[in-house]
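What follows is a short report on a single structure.
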């Protein structure tokens, strides 16, 4: 075995420390994100989620929990991950450039009153920033999940839940935790469970 026991413990220690710091840091922003989600869904809108790599996986995971179920069977909540249509992703990337990946889909699918949630651990992903700019310009609520100092998402995404860590793995762990919490809270607030 190449791993030392202290690595195992240190990973958990860092996770717990970041979880505690996140709990304190984003409480009001989480409440605001829940309110934005309620407003969009109650008005017949949808939630558009997007990010790269692990954040793309988080977008898909959260969208699935919303459209299918989280706690128990209930009516679906309209949500789309903009990271799953390989034909659109490759055509946009090839024809318009990777930075246009999410902006183009938001321009096609987004409507005023929808909620766009960009996910970027650094807050510096150009295609996430461009997607949020397009969403905002079109009258969508532009929100985000980030880490570190929030990068270019600061002042663009409102609310912006910034995980207070510089470690990508810990930021991603908090993003999926916050995403699942949003699903559970939204189900309850909509009276679906």
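Read the figures in this text as sums done on the coordinates, not as results from a lab. This one's a predicted model, so the numbers in the text were calculated from it and none came from an experiment. Glycine gets a Cβ as well: all are built from the backbone with ideal geometry, and neighbour counts include every protein chain shown.
Quick one: in the range 120-178, what % of C-alpha pairs are over 19 Å apart?
That tail contains 24 percent of the Cα-Cα pairs.
Can you give the Kirkwood hydrodynamic radius for the range 16-92, in Å, rounded to one decimal and based on Cα pairs?
The Cα-based Kirkwood calculation yields 14.2 Å.
Nearest 5 is fine: what % of DSSP beta bridges in the range 5-189 come out antiparallel, could you say?
Values: 0 of 17 bridges.
Antiparallel bridges: around 0 percent, rounded to the nearest 5.
Ratio of the range 5-189's C-alpha Rg to 2.2 N^0.38 Å, to two decimals?
0.99
For the range 141-187 and the range 14-89, compute the distance between their C-alpha centroids and round to whole Å.
Centre-to-centre (Cα) distance: 10 Å.
Quickly rank 86-95, 132-141 as a protection proxy: mean count of other C-beta atoms within 10 Å, highest first.
So the peptides 86-95, 132-141, ranked by packing, come out 132-141, 86-95.
Arrange the peptides 142-150, 155-163 so that the one whose residues have, on average, the most other Cβ atoms within 10 Å appears first. Please list the in-between numbers first.
On the way: 142-150: 24.8, 155-163: 21.8.
Sorting 142-150, 155-163 by mean packing, highest first, produces 142-150, 155-163.
Nearest 500 deg cm²/dmol is fine: what mean residue ellipticity at 222 nm does the chain get from its DSSP H runs of n ≥ 4 alone, each adding -39,500 (n - 2.57), divided by its residue count?
Calculated at 222 nm, the ellipticity per residue is -17500 deg cm²/dmol.
How high is the FRET efficiency from residue 13 to residue 91, r the C-beta distance, R0 30 Å, rounded to 0.05?
Values: r = 45 Å, r/R0 = 1.50.
It comes out at approximately 0.10.
Among 174, 181, which comes first, then next, by fewest other beta-carbon atoms within 10 Å?
Taking fewest neighbouring Cβ atoms as first place, the list is 181, 174.
Set the Förster radius R0 to 25 Å, insert the Cβ-Cβ distance between residue 6 and residue 168 as r into 1/(1 + (r/R0)^6), and round the FRET efficiency to 0.05.
On the way: r = 21 Å, r/R0 = 0.84.
Calculated transfer efficiency: 0.75.
When only C-alpha pairs under 8 Å and at least 6 residues apart count, what is the relative contact order of the chain, in percent? Don't skip to the end; give the middle numbers.
Working: 346 pairs, mean separation 46.4, N = 193.
Reported relative contact order: 24 percent.
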